Amino acid sequence: MNKVIQNECKEIVTLLEDHKAENIIVFHVEGISSYADDIMLVTAPNERALEAYRDALIEFEEAKGEDVKSVGKGSSGWIIVDCGNTIVHLLLEEKRNEIALEELLSKSVISD
């Protein structure tokens, strides 16, 4: 993994941990995925936290001059934030269990 990309992913994890995000798991998909090097799954305790995590990620990436895209709303229980080399899935616990992305990704890649 490129050291710069690895550091960016760690910065995102640190940012989310500082905002009290829960159960953060990173799947390294470089060479498997054509659109990202890492896919991150993050649990939020409520809709308000989902939106706060999204806003913090957008502010963090824009401060670095990056173009950030996000899809979803807190009310859906699932927000996706495209942070360039890292795709961040922000989920309520119920939604995370329902869609089982972790299970799908763990069958495809080895997590870091």
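The values are calculated or read from the model by the stated rules, or taken from the named source; none is laboratory data. As the structure is a computational prediction, the values presented were derived from the model and not from experiment. FYI the Cβ positions are ideal-geometry reconstructions off the backbone, even for glycines, and counts take in every protein chain you see.
Of all residues in segment 16-55, count the ones that are modelled with pLDDT of 95 or more and in contact with a Phe, Trp or Tyr (Cβ under 7 Å, 6 or more places away or on another chain).
5
Can you tell me which of (1) surrounded by fewer than 20 Cβ atoms within 10 Å (Cβ to Cβ); (2) in contact with a Ser or Thr (Cβ under 6 Å, 6 or more places away or on another chain) is the one residue 49 doesn't meet?
Condition not satisfied by residue 49: (2).
Quick one: residue 35 ticks every box in (1) exposed (fewer than 15 other Cβ atoms within 10 Å of the Cβ); (2) of a type in the set (Phe, Trp, Tyr); (3) assigned to a strand (DSSP E or B) except a single one, so which number is it?
With respect to (1) exposed (fewer than 15 other Cβ atoms within 10 Å of the Cβ); (2) of a type in the set (Phe, Trp, Tyr); (3) assigned to a strand (DSSP E or B), residue 35 is out only on (3).
In this structure, is residue 58 surrounded by fewer than 20 Cβ atoms within 10 Å (Cβ to Cβ), of a type in the set (Val, Ile, Thr), at pLDDT 85 or above and part of a strand (DSSP E or B)?
So residue 58 does not fit the description; no.
Kindly indicate whether residue 79 is at pLDDT 95 or above and of a type in the set (Val, Ile, Thr).
Judged against the criteria, residue 79 is a match.
Filter segment 64-109 down to residues that are assigned to a loop (DSSP other than H, G, I, E, B) and not charged (D, E, K, R) and give me whichever is nearest to residue 50 (Cα to Cα).
The selected residue is 77.
Give the residues of segment 60-72 that are out of contact with any Lys or Arg (no Cβ under 9 Å at 6 or more places or on another chain) and either under 13 Å from residue 11 (Cα atoms) or of a type outside the set (Asp, Glu) (or both), sorted by residue number.
60, 61, 63, 64, 65, 68, 69, 71
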